[in-house]
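Step one of this worksheet: look at the structure below.
The values are calculated or read from the model by the stated rules, or taken from the named source; none is laboratory data. Nothing here was measured: the structure is a model prediction, and the numbers come from that model. For neighbour counting, all protein chains shown are included, and Cβ atoms are generated from backbone atoms with ideal geometry for every residue, glycine included. All accessible areas refer to the heavy atoms of the entire protein, side chains included, with ligands and DNA or RNA removed. Shrake-Rupley method; radii C 1.70, N 1.55, O 1.52, S 1.80 Å.
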Amino acid sequence: MAGLPQHLDLHLIRILYLLLVEKNVSRVALKLNQPQPSISASLRKLRELTGDPLLVRGARGMVPTQHGESLLKPAKRILDETESLFVKKSPFIPEQEARTFNIAAPDYLDSQFLPNVVAALRRGSPNSRVVIHSLGPGVDYVRMLSDGDMDLVIANWDEPPPHLHMSKLFEDPIICTMRADAPYARRTASDAMTVEDYLGLPHVAPSQMMPGHRGVIDAFLEREGMRRNVAVESAYFGLIPYMLTQTDLVLTTGRQFIRFYERTLPLKTFTVPVKFPPMRFYQLWHERVHQAPEHKWLRDQLSAAAKALIQK
């Protein structure tokens, strides 16, 4: 321990970690709500303490040096372990607390699920704030969960990262739907679609949600040696049912998702002739919040909303 600088400031380690992650002094200043010169002064102090420049100019802004890169994990570990030293073990009283809950979810969930979750959180913890984030190719949700910028992710990917905690929410059986007066819909019974018909019809599919995660429909077809005719890809999943009303397109999705639109749009639903497993939705969270009382409460609210959905 003799080699440690006297009065080592934990805040300095937080600044070191954020500088190595963000690679930008201004962004760190913004995140910590501190003036930029103060972060620059901390960087100078860190360079002095480590005997290394830590961040140097690269082709597109700053990049960590090799030594800087090697400090990222130890700095993160110190911050996580220090946080666990001072975790309040007092119970979480939702009616009195004012927390911010950050939840990321895809936009192809059952239309009742997230509204029910938000209603439950508003009822249970009226002083808290709820932020619903979208999931897309630019969202590094694994890092956001481990950094505490995100509390929960709702997902239905085939293989979630194994180091995250997971609990099942609900299943949604897969059907396909199209405009009720489309030529194919007018001449074919709901349960008479063949595999050849299904693969040959023009499909509309959501754009790839996350890098490296193919949609569950196309991933399953590929495993079965099949390929459908995707004529349109859309990043706006909530608009796809409206696209069906003006085109010959077919949408393959969960029954619970489409039942909301069936009430107001002229759609006809078909039994899919391919034996897709149901869409399985689950919630994911990081070990760092696994024991935290407010996070347990949050996860319980999502589980209860999912149970209510199934019982409808």
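Observations on the model:
- When you count the other C-beta atoms within 10 angstrom of each residue and take the mean per peptide, 96-108, 243-255 line up highest first as 243-255, 96-108.
- Scanning residues 5 or more positions from Ser234 or on other chains, those with amide H under 5 Å from its amide H are Ala205, Ser207, with H placed 1.01 Å from N in the peptide plane.
- For Leu169, distant residues with modelled amide H under 5 Å away: Phe281, Tyr282, Gln283
- Among Ala75, Ala41, Ala119: highest mean-square fluctuation, GNM of the chain, C-alpha pairs under 10 Å: Ala41
- Residues Ile132 and Thr264, FRET efficiency given R0 of 22 Å [Cβ-Cβ distance, rounded to 0.05]: 0.40
- Separation of the Ile78 and Ser111 label points, Cα + 7 Å toward Cβ, nm: 5.3
- When only alpha carbons are used to place a centre, the stretch 45-94 and the stretch 213-255 end up 42 Å from one another.
- Loop chymotrypsin sites (Phe, Trp or Tyr not before Pro), the stretch 215-244 (other Cβ atoms within 10 Å of the site Cβ: 14 or fewer; DSSP): Tyr236
- Accessible area of Leu72 (1.4 Å probe, protein heavy atoms only, ligands and nucleic acids ignored): about 50 Å².
- C-alpha long axis of helix 36-50 to longest principal axis of the chain, angle in °: 70
- Computed from backbone phi with θ = phi - 60° and the Karplus coefficients 6.51, -1.76 and 1.60, the 3J(HN,Hα) list for the stretch 52-60 is 9, x, 6, 10, 10, 5, x, 5, 10 Hz; x is used for glycine and proline.
- Our helix-only sum for the chain, with -39,500 (n - 2.57) per DSSP H run of n ≥ 4 divided by its residues, gives a mean residue ellipticity at 222 nm of -12000 deg cm²/dmol.
- Coupling constants for the stretch 243-256 follow from the phi torsions by the Karplus curve (6.51 cos²θ - 1.76 cosθ + 1.60, θ = phi - 60°), and in residue order they are 5, 4, 5, 10, 9, 9, 6, 10, 10, 9, 7, x, 4, 5 Hz; glycine and proline get x.
- Accessible surface area normalised per residue over the stretch 178-312 is 51 Å², counting heavy atoms of protein chains with a 1.4 Å rolling probe.
- Euclidean distance of C-alpha centroids, the stretch 120-169 and the stretch 274-309, integer Å: 9
- Whole-Hz couplings from phi, Karplus 6.51/-1.76/1.60, listed for the stretch 171-176; x for Gly and Pro: 10, 10, x, 8, 10, 10
- Highest-fluctuation residue, Ser70, Ser84, Ser234 considered, GNM on the chain with Cα pairs under 10 Å: Ser70
- Between 0 and 90°, nearest 10: helix 66-85 axis offset from the chain longest Cα axis: 90
- Once the Cα-Cα distance is subtracted from the 0.36 nm per residue extended length, the Glu287 to Ala192 segment shows a gain of 29.4 nm.
- When the alpha-carbon atoms of the stretch 159-312 are used, the pair Rg, Dmax equals 17.7, 57 angstrom.
- Computed over the stretch 26-151: relative contact order in percent, which uses C-alpha pairs under 8 Å that are six or more apart: 18
- Contact order for the stretch 104-159, expressed relative to its length and based on alpha carbon pairs under 8 Å spaced 6+ residues apart, stands at 50 percent.
- P(r) tail for the chain: Cα pairs beyond 23 Å make up 66% of the total.
- Most simply put, the chain has about 60% antiparallel DSSP beta bridges, counting only bridges with both residues inside it.
- GNM flexibility winner over the chain from Met62, Met166, Met150 (Cα, springs under 10 Å): Met62
- Available extension along the chain between Leu199 and His165 is 8.6 nm, counting 0.36 nm per residue and deducting the alpha carbon span.
- For Thr65, the residues whose modelled amide H falls within less than 5 Å of its own, excluding neighbours fewer than 5 places apart on the same chain, are Leu54, Leu55, Val56.
- Cα gyration tensor of the stretch 83-227 - equivalent ellipsoid semi-axes, whole Å, descending: 39, 20, 12
- At an R0 of 25 angstrom, the distance between the Cβ atoms of Arg57 and Gln36 translates into a FRET efficiency of 0.90.
- The C-alpha atoms of the chain define a longest principal axis, and helix 293-311 lies at about 0 degrees to it.
- Normalised by the number of residues in the chain, the average gap of Cα pairs under 8 Å and 6 or more apart makes the relative contact order 21 percent.
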